[in-house]
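The values are calculated or read from the model by the stated rules, or taken from the named source; none is laboratory data. Predicted model only: the values in this text are computed from it and were never measured. Note: ideal-geometry Cβ built from the backbone for every residue, glycine included; neighbour counts use all protein chains shown. All accessible areas refer to the heavy atoms of the entire protein, side chains included, with ligands and DNA or RNA removed. Shrake-Rupley method; radii C 1.70, N 1.55, O 1.52, S 1.80 Å.
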Amino acid sequence: MVFVSSVSADDVVVLTEANFDQEVGQDRGALVEFYAPWCGHCKRLAPEYEKLGTSFKKAKSILIGKVDCDDQKSLCSKYGVSGYPTIQWFPKGSLEPKKYEGARTAEALAEFVNKEGGTNVKIASVPSSVVVLTPDNFDQVVLDETKDVLVEFYAPWCGHCKALAPTYEKVAAAFKLEEGVVLANLDADQHKDYAEKYGVSGYPTLKFFPKSNKAGEDYDGGRDLDDFVSFINEKCGTSRDGKGQLTSEAGIVPTLDALVKDFVSSESNEKKEFYSRIEEEVKKLQGPAARYGNIYLKYAKNCMDKGADYATKEIQRLQRILDKSVSPAKADELTLKKNILSTFA
């Protein structure tokens, strides 16, 4: 049996031949963008269309979807798509579309969907996690030696910049709880002296300003969410995924792990000796690792006081809390503890 489901790319549903008839023409109206990944007009529409998807996310009577016509040629042919992007409205219970001919802004699209679908949804105003740079704050933000800073130099008229914008926003959101990491951008068309100073000749140009090199380094990596996330994790010592959640590596200190293995496998009368070794190693740690080290120490003591099954039971307890609705900061705290406890289990 093959299980077919719609895949949500953020808040816009990715439609394919496998799921189109399950999602469209059923019990809700659907606005569908037929696009091609290489199409400049599609790239410019992307942030607006995504904003539309976010705004209609909770409107159960409306689906905001998209079809990659490079990947789903027969589906696009079926609906007479010959240029990109083509946006079509499918009324509730119908697979006979009506072509959208209006402006390609989130507001104009929302007005159309509200009229056709009988809804009254307004475009959501989502706070940005990207720091906007100006001559007034550039040095303060970028040259701060306690921060690792990624800067996008862009121009408002640049199609590639517009296409990058939603991804860059997601990267910033993913790392917003990391005090030492900053995602920023600068309108280099308006502030040409900064573009000249940092050798920017095309847009968008991305430069990384780590704590250790405030002259800046070119970012030559990929421009997908996962590319940026991998780069930042590697360069900044963070451990997050594209949704901003801590990975299973977060909080783990390799030098302590070896000592914990010895601690766990030791006899009861030997554990104090291994605890002392862990304690000595923790004293050498600095920065975030020192904080993690103290958590290791706490759990080593609890394992001595509460028995061999303490770690397993505590992991289960933390997971039960994580399975509930908790704030991102609380989720970080619990995940760190769970990751470190796993080394004792």
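Below, the figures for the structure above:
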{"item": "Residues of the range 22-36 classified as under 14 Å from Trp89 (Cα atoms) and outside any loop (DSSP other than H, G, I, E, B), total", "result": "7"}
{"item": "Complete set of residues in the range 86-120 that are out of contact with any Lys or Arg (no Cβ under 8 Å at 6 or more places or on another chain), in contact (Cβ under 8 Å) with a residue 24 or more places away in the chain and surrounded by fewer than 17 Cβ atoms within 10 Å (Cβ to Cβ)", "result": "Gly93, Ser94, Leu95, Thr105, Gly118, Thr119"}
{"item": "Restricting the range 287-345 to residues that are open to solvent by 70 Å² or more (accessible area, probe 1.4 Å) and either in contact with a Pro (Cβ under 8 Å, 6 or more places away or on another chain) or among the aliphatic types (A, V, I, L, M) (or both), the residue that is modelled with the highest pLDDT", "result": "Ala345"}
{"item": "Test: residue in the range 116-125 that is touching a strand residue (DSSP E or B) at 6+ places or on another chain (Cβ under 9 Å) and assigned to a strand (DSSP E or B)", "result": "no"}
{"item": "Positions within the range 199-215 being buried (at least 18 other Cβ atoms within 10 Å of the Cβ) and part of a loop (DSSP other than H, G, I, E, B), in sequence order", "result": "Val200, Tyr203, Pro204"}
{"item": "Test: residue in the range 218-226 that is in a helix (DSSP H, G or I) and either closer than 25 Å to Asp136 by Cβ or in contact with a Gly (Cβ under 7 Å, 6 or more places away or on another chain) (or both)", "result": "yes"}
{"item": "Hey, Ala155 open to solvent by less than 50 Å² (accessible area, probe 1.4 Å), under 26 Å from the mean Cα position of the chain (by Cα) and in the same structural domain as Pro91 (by the TED database) or not", "result": "no"}
{"item": "Odd one out for Lys147, checked against (1) within 27 Å of the chain's Cα centre (by Cα); (2) open to solvent by 70 Å² or more (accessible area, probe 1.4 Å); (3) among the basic types (Lys, Arg)", "result": "(2)"}
{"item": "Out of Glu267, Glu273, Glu279, sole residue that is more than 31 Å from the chain's Cα centre (by Cα), exposed (fewer than 13 other Cβ atoms within 10 Å of the Cβ) and modelled with pLDDT of 90 or more", "result": "Glu273"}
{"item": "Enumeration of residues in the range 227-247 that are in a loop (DSSP other than H, G, I, E, B) and either acidic (Asp, Glu) or surrounded by 12 or more Cβ atoms within 10 Å (Cβ to Cβ) (or both)", "result": "Gly237, Thr238, Ser239, Asp241, Gly242, Gly244, Gln245, Thr247"}
{"item": "Subset tally (residues that are of a type outside the set (Ser, Thr, Tyr) and free of Cβ contacts under 8 Å to residues at least 60 places away in the same chain) for the range 134-150", "result": "8"}
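Rundown of residues vs (1) modelled with pLDDT of 95 or more; (2) surrounded by 21 or more Cβ atoms within 10 Å (Cβ to Cβ); (3) in contact with a strand residue (DSSP E or B) (Cβ under 8 Å, 6 or more places away or on another chain); (4) not in a helix (DSSP H, G or I), yes/no style:
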site	(1), (2), (3), (4)
Trp38	no, no, no, yes
Pro47	no, no, no, no
Lys66	yes, yes, yes, yes
Leu75	yes, no, yes, no
Ser82	no, no, no, yes
